Amino acid sequence: MVSDVPEKLELELRRGVVVLAVLSQLRELRYGYELRQSLASQGLTIEEGTLYPLLRRLESQGVLNSEWQTTDGKPRRYYALNPEGRALLERLTSSWRGLNTTMNQLLESGTESWT
């Protein structure tokens, strides 16, 4: 097996859940760094070069609202789900749960042949 194949496949898996993870944390206003910290503290590290373009894309797609706020003299852009974003989060959460259930069944049935 080529040594970088597992890492590439893991990266593909992670890419598939990053949008859902980000949306799940934007039920309330958060700025980028705070969002990164929240995700990292729960085990999902996202690089700045991935997160900030994703936030801008989600905003341009009409699922996030953003606003500039000045706290301690430092301007920060805060993001939160708008009604379309909440509907998308609900839809993606439902899809995720269905896929998760299916994958658990597939993985469990596959382990029976290993023993």
message = Can you tell me which of Q69, Q37, Q105 moves the most in a GNM of the chain? Springs connect C-alpha atoms under 10 Å apart.
response = Q105
Neighbour-limited loop hits for GluC sites (Glu not before Pro), the range 44-115 (at most 10 other Cβ within 10 Å; DSSP other than H, G, I, E, B) = E47
Kirkwood estimate for the range 16-78, i.e. one over the average of 1/r between Cα atoms, Å = 12.1 Å
query = So for the pair E59, S3, with labels modelled 7 Å out along Cα→Cβ, what separation do we get in nm?
reply = 4.1 nm
query = Given the convex hull of the Cα atoms of the chain, what is a quarter of its surface area in nm²?
reply = 9.7 nm²
query = Any idea what the relative contact order of the chain is, in percent, if you count C-alpha pairs under 8 Å spaced at least 6 apart?
reply = 24 percent
request  = Could you line up S3, S95, S24 from fewest to most neighbouring Cβ atoms inside 10 Å?
outcome  = S3, S95, S24
request  = Please work out how much length the chain gains when fully extended from R77 to R27, using 0.36 nm per residue of separation minus the C-alpha to C-alpha distance, in nm with one decimal.
outcome  = 16.5 nm
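Throughout, read-outs are computed from the coordinates displayed, never taken from laboratory work. Since the model is a prediction, treat every value here as computed from it, not as a measurement. With ideal geometry, Cβ positions are generated from the backbone for all residues, glycine too; neighbour counts draw on all protein chains shown.
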